[in-house]
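Heads up: the structure comes next, in structure tokens.
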Amino acid sequence: MEERQPELSVVGRARGPVGGVALVLHGGSEFSSAAVRPWRLAYLRMLPFAIALSRSGAWHGLDVRLLRNRVRGWNEPAMDPLADARWALDRIRAERPGVPVVLVGHSLGGRVALRAADDPAVVGACALAPWTPQGEPVEPVAGRAVLIAHGTHDRVTSPVESLRYAEEADPKAARLARFEVAAEGHAMLRRPSLWNRLVVTFVLRTLGLPDSGQVLDAAWESAAPARFRLPL
């Protein structure tokens with residue numbers, strides 16, 4: 001039987017010179033060898049983010065890629081989605097040598113974004129409702145910009161654990177902010193425009209591309225520990 005391969009889709013290309021790439025990573029489960037089909041909700045949930053990034057950033061030099069993993073599970077010790085993300089980063093590096101990358105991931109994809117941040121091309125990681133279990137290493141985000149956002153009503157991944165991760169990672173990261181989105185659940189469906197603005201602003205600013213968002217203006221200037229529990 002032929003081995004499964006990840007799929008890296010081009011959601012949007014930069015209009016003119018490329019100033020950066022956004023790599024969007026979907027969620028999954030702790031254990032599963034089932035294939036990720038293109039109609040899976042975890043995969044489709046990230047398509048609006050990829051489209052919003054392209055619409056806001058293409059004219060400023062942003063390429064947007066959406067990764068579909070081979071299998072649904074993290075599958076310790078294989079960490080299959082992390083291997084897929086590194087495969088995608090190799091592809092992006094071959095196509096866009098020397099261009100900085102920002103990772104955007106949800107749930108399991110948030111964990112992958114934080115783990116894969118140690119790739120030399122990566123300058124920032126945006127983790128939405130991330131799965132950050134006890135003992136998750138923080139070394140991969142050293143020297144990177146990190147944004148974490150978690151709904152206060154999330155019952156799938158733990159806001160308490162992402163807060164602990166933010167506190168532990170802050171000394172390593174170049175800069176880190178964590179937002180708490182009021183009355184929002186894991187699927188991020190109650191306030192989609194807010195989530196989109198947060199992601200777009202972080203990606204464009206981390207890459208040094210023009211943006212019109214103001215949602216992060218005060219975040220970086222806030223002192224810890226308040227910077228880990230910014231309300232939205």
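The values are calculated or read from the model by the stated rules, or taken from the named source; none is laboratory data. Keep in mind the model is a prediction, meaning the values are calculated, not measured. Every residue, glycine as well, gets a Cβ built from its backbone with ideal geometry; the counts of neighbours run over all protein chains shown.
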Original post:
Counting residues that are within 23 Å of R93 (Cβ to Cβ), which strands (runs of 3 or more DSSP E) fully inside segment 116-202 reach at least 1?
Top reply: 122-128, 145-151
Original post:
What are the residue pairs meeting all of these: first residue in segment 50-79, first residue more than 12 Å from L209 (Cβ to Cβ), second residue part of a loop (DSSP other than H, G, I, E, B) and polar (S, T, N, Q), Cβ atoms under 6 Å, and 6 or more apart or on different chains?
Top reply: V71/S33; R72/S32; G73/S32
**OP:** Would you point out which residue out of G73, G61, G57 is farther than 26 Å from R15 by Cα, small (G, A, S), at pLDDT 95 or above and crowded, with 17+ Cβ neighbours inside 10 Å?
**Re:** G73
Original post:
Hey, A113 hits all of (1) closer than 21 Å to R4 by Cβ; (2) part of a helix (DSSP H, G or I); (3) hydrophobic (A, V, I, L, M, F, W, C) but one; which does it fall short on?
Top reply: (1)
**OP:** Hey, can you tell me all the residues within segment 28-51 that are in contact with a Pro (Cβ under 9 Å, 6 or more places away or on another chain), part of a helix (DSSP H, G or I) and more than 14 Å from E7 (Cβ to Cβ)?
**Re:** P48
Original post:
For segment 86-94, does any single residue satisfy the condition of being part of a loop (DSSP other than H, G, I, E, B), out of contact with any helix residue (DSSP H, G or I) (no Cβ under 7 Å at 6 or more places or on another chain) and buried (at least 16 other Cβ atoms within 10 Å of the Cβ)?
Top reply: no
**OP:** Just name the residue that is surrounded by the most Cβ atoms within 10 Å (Cβ to Cβ) out of those in segment 195-232 that are touching a strand residue (DSSP E or B) at 6+ places or on another chain (Cβ under 8 Å) and more than 18 Å from A125 (Cα to Cα).
**Re:** L232
